[in-house]
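To start, the structure itself, in structure tokens.
FYI, it's all coordinate maths here, none of it is from the lab. The shown structure was predicted, so the numbers you read here are calculated from the model rather than taken from an experiment. Cβ coordinates were reconstructed from backbone atoms using ideal geometry, including for glycine residues, and neighbour counts include every protein chain displayed.
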């Protein structure tokens, strides 16, 4: 990722565990945390020091079962947000990363919602907004 990191406080998500992952023909990738959720409508990939473990284009070939196995029960240790293009990286306790690439000037890319009122949306063109 390149660009300038935002100064958004993501501490609400640190130490939260992934509870459930949903993706199908009728809804985008949705990751449910202990106290929040992430809705992903842009390209994404799961990486580690070994390289790309799974990407958004792999759903057709590899299916959801493998993605669930790779992600479920992971614990968030950090979140990085790049404000210029609103890319997001969620870092997990096992040194894997869920990287979201906002790739549209017309559509929203992703939405991160916390039970504490945190609500961040990646807007068309790479800008973003926070709701209270």
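Criterion first (more than 18 Å from residue 103 (Cβ to Cβ) and surrounded by 15 or more Cβ atoms within 10 Å (Cβ to Cβ)) does residue 5 satisfy it? The answer is no for residue 5.
Criterion applied to 122, 56 was being under 16 Å from residue 9 (Cα atoms) and touching a strand residue (DSSP E or B) at 6+ places or on another chain (Cβ under 7 Å), and the one residue passing it is 122.
Determine, yes or no, whether residue 74 is in contact with a strand residue (DSSP E or B) (Cβ under 7 Å, 6 or more places away or on another chain) and closer than 18 Å to residue 16 by Cβ. Considered against the rule, which asks whether it is in contact with a strand residue (DSSP E or B) (Cβ under 7 Å, 6 or more places away or on another chain) and closer than 18 Å to residue 16 by Cβ, residue 74 comes out as yes. For the range 103-119, a residue qualifies if it is in contact with a strand residue (DSSP E or B) (Cβ under 9 Å, 6 or more places away or on another chain) and part of a loop (DSSP other than H, G, I, E, B), and the qualifying residues are 103, 108, 109, 115, 116, 117, 118. Return the residue satisfying two criteria in turn: it lies in the range 23-35 and is part of a strand (DSSP E or B) and under 20 Å from residue 120 (Cα atoms), and of such residues it is farthest from the chain's Cα centre (by Cα). So, considering only residues that are part of a strand (DSSP E or B) and under 20 Å from residue 120 (Cα atoms), the one farthest from the chain's Cα centre (by Cα) is 27.
Tallying residues that are out of contact with any helix residue (DSSP H, G or I) (no Cβ under 6 Å at 6 or more places or on another chain), touching a residue at least 60 places away in the same chain (Cβ under 8 Å), over 18 Å from residue 37 (Cβ atoms) and buried (at least 17 other Cβ atoms within 10 Å of the Cβ) within the range 78-98 yields 2.
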